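The block underneath contains the structure these notes are about, expressed in structure tokens.
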Amino acid sequence: MPSRRQSIANDLRHLISTGHFKPGERLPSEAQLATRYTVSTPTLRSALALLQGEGLVEKIHGSGNFVRRPLRRTTYVGGAATSPIPPPRATVRTTNLQALGDLPALLNVPPLTPLTEVLYVIHEGKSPHTLVRIYTPRDLVPADTPGPDR
């Protein structure tokens with residue numbers, strides 16, 4: 001016989017899989033769910049922890065528990081990526097600067113070495129999703145790289 005936390009997790013998993021709770025939707029509060037299942041808050045949190053471990057639920061401190069959106073699945077066919085979801089949009093900005101602060105030690109270059117910073121911001125829908133900064137000594141940057149001095 002499954003434990004109480006397992007039974008609660010099974011029921012919530014079923015409610016999520018059948019669309020009662022939709023991706024991105026906030027679940028009822030932990031107090032409301034504990035009352036609904038007539039268990040203590042720690043037991044309810046333990047059930048939610050099972051779902052968090054499975055990637056079905058995401059807890060956002062101060063906001064509550066949310067049904068996670070499904071992961072994007074991309075399939076590569078003949079060198080081209082296909083996905084049922086529109087591809088993310090990326091913006092790229094390059095800046096020339098000098099190695100200051102922690103950069104000389106991190107890049108193993110002398111202070112004030114000319115660098116090119118490439119900043120990638122990847123958006124999914126209207127929201128930024130990923131931020132990447134790449135620092136390269138300017139003399140190693142390929143000549144065809146777009147940038148402020150190219």
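The values are calculated or read from the model by the stated rules, or taken from the named source; none is laboratory data. Since we're looking at a predicted model, the values are computed, not measured. Glycine also receives a Cβ, built like all others from the backbone with ideal geometry; neighbour counts cover every protein chain displayed.
Things to note:
- So Ala80, is it within 30 Å of Asp144 (Cβ to Cβ) and at pLDDT below 90: yes
- Those residues of the range 106-140 which are in contact with a Leu (Cβ under 9 Å, 6 or more places away or on another chain), under 22 Å from Ala90 (Cβ atoms) and among the aliphatic types (A, V, I, L, M), in sequence order: Leu115, Leu119, Val121, Ile122, Leu131, Val132, Ile134
- For the range 4-24, the criterion of being loosely packed, with under 14 Cβ neighbours inside 10 Å, closer than 14 Å to Lys59 by Cβ, assigned by TED's automatic domain parsing to the domain that holds Ser63 and over 24 Å from the mean Cα position of the chain (by Cα) is satisfied by no residue at all.
- Residue ID - nearest to the chain's Cα centre (by Cα), chosen from residues in the range 113-133 that are more than 28 Å from Gly24 (Cβ to Cβ) and either exposed (fewer than 11 other Cβ atoms within 10 Å of the Cβ) or not hydrophobic (A, V, I, L, M, F, W, C) (or both): Arg133
- Flag for Gly101 being modelled with pLDDT under 90 and assigned to a loop (DSSP other than H, G, I, E, B): no
- If you go through the range 91-142 and keep only what is among the small types (Gly, Ala, Ser) and either within 30 Å of Pro70 (Cβ to Cβ) or in the same structural domain as Gly24 (by TED's automatic domain parsing) (or both), you end up with Gly125, Ser127.
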